[in-house]
Amino acid sequence: MTLALLAALFMETGDDARALEVHLALLDGQRRAGKDLDRDGVLTNIGNYLCDAERCDEATPYFREALARLADRRDAPPASLAAPLHGLARVFLGRGEPAHALPLLIDTEALLRDDPETDPAALAALRADIDDTRRTLVHRGATSIRAPLRQKKNFGEDP
């Protein structure tokens, strides 16, 4: 529990490098102890901190594991998939692959749109990201876009 409190403190103060370090230690401790205390959130936070540090390729396995774990849980609310799904979209955007990111962004928006607890400002920002990604694709002359993930079951493979 002490690491979780420390992680929260670093998150609150904006010390992303130390928050990442503590989240990695928290994940390692959970795995060694066989505990699952908000592991999906920890995985997603690690991925987001890595992307924020412009290390999105390192974030991919964390987002994929969170998505796979959440997809397997019947009690997980659909909106819980939104954060790691958005994180995976960030990975593709970071790679310069907006055609792969757009369906993930659209799926994220659909999940959040249907959740009454979604912050309207966050939803508006996500919609702006979707519009920007569409403009990028039009500018590049894209002719096709990968199918949305809601039609796929396996989050573990690149498109």
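The values are calculated or read from the model by the stated rules, or taken from the named source; none is laboratory data. The model shown is predicted, which means the values in this text are computed figures rather than measured ones. Methodologically, a virtual Cβ is constructed for each residue, glycine included, from the backbone with ideal geometry; neighbour enumeration extends over all protein chains shown. For the accessible areas, the whole protein counts, side chains as well, though only heavy atoms, and no ligand, DNA or RNA atoms are used. Shrake-Rupley method; radii C 1.70, N 1.55, O 1.52, S 1.80 Å.
For segment 70-79, residues that are part of a loop (DSSP other than H, G, I, E, B) and of a type in the set (A, V, I, L, M, F, W, C) total 1.
Matching residues to (1) surrounded by 12 or more Cβ atoms within 10 Å (Cβ to Cβ); (2) farther than 20 Å from ASP75 by Cβ; (3) within 14 Å of the chain's Cα centre (by Cα):
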residue: MET11; (1), (2), (3): yes, yes, no
residue: ASP15; (1), (2), (3): yes, yes, no
residue: HIS23; (1), (2), (3): yes, yes, no
residue: ALA33; (1), (2), (3): no, yes, no
residue: ASP36; (1), (2), (3): no, no, no
residue: ASP40; (1), (2), (3): yes, no, yes
residue: THR44; (1), (2), (3): yes, no, yes
residue: GLY47; (1), (2), (3): yes, yes, yes
residue: LEU50; (1), (2), (3): yes, yes, yes
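If I filter segment 80-94 for residues that are in contact with a helix residue (DSSP H, G or I) (Cβ under 9 Å, 6 or more places away or on another chain), open to solvent by 50 Å² or more (accessible area, probe 1.4 Å) and assigned to a loop (DSSP other than H, G, I, E, B), do I get at least one hit? No, there is no match, as no residue in segment 80-94 is in contact with a helix residue (DSSP H, G or I) (Cβ under 9 Å, 6 or more places away or on another chain), open to solvent by 50 Å² or more (accessible area, probe 1.4 Å) and assigned to a loop (DSSP other than H, G, I, E, B).
Could you check, for segment 21-36, whether at least one of its residues is in contact with a His (Cβ under 9 Å, 6 or more places away or on another chain) and free of Cβ contacts under 8 Å to residues at least 60 places away in the same chain? Please lay out each step first, then the result.
In the first step, residues of segment 21-36 are kept if they are in contact with a His (Cβ under 9 Å, 6 or more places away or on another chain); the result is none.
Looking through segment 21-36, none of the residues is in contact with a His (Cβ under 9 Å, 6 or more places away or on another chain) and free of Cβ contacts under 8 Å to residues at least 60 places away in the same chain.
In segment 52-73, the qualifying residues are those that are among the charged types (D, E, K, R) and under 16 Å from ASP36 (Cα atoms), and the one that is most open to solvent (accessible area, probe 1.4 Å) is ASP72.
Mind listing just one residue for me: the one in segment 112-159 that is at pLDDT 80 or above and of a type in the set (S, T, N, Q) and, of those, least open to solvent (accessible area, probe 1.4 Å)?
Here is the first cut: in segment 112-159, the residues at pLDDT 80 or above are 112-140.
Applying the additional criterion that residues be of a type in the set (S, T, N, Q) yields 118, 133, 136.
Values: THR118: 29, THR133: 8, THR136: 52 Å².
Within segment 112-159, the match that is least open to solvent (accessible area, probe 1.4 Å) is THR133.
Return yes when GLY14 is farther than 17 Å from PRO84 by Cβ and not aromatic (Phe, Trp, Tyr) and no when it is not. So GLY14 fits the description; yes.
Here is a check on your reading of the model: is ALA59 under 25 Å from MET11 (Cα atoms), at pLDDT 95 or above and among the hydrophobic types (A, V, I, L, M, F, W, C)? First the steps, then the outcome.
Details: under 25 Å from MET11 (Cα atoms): yes; at pLDDT 95 or above: yes; among the hydrophobic types (A, V, I, L, M, F, W, C): yes.
Yes, satisfied.
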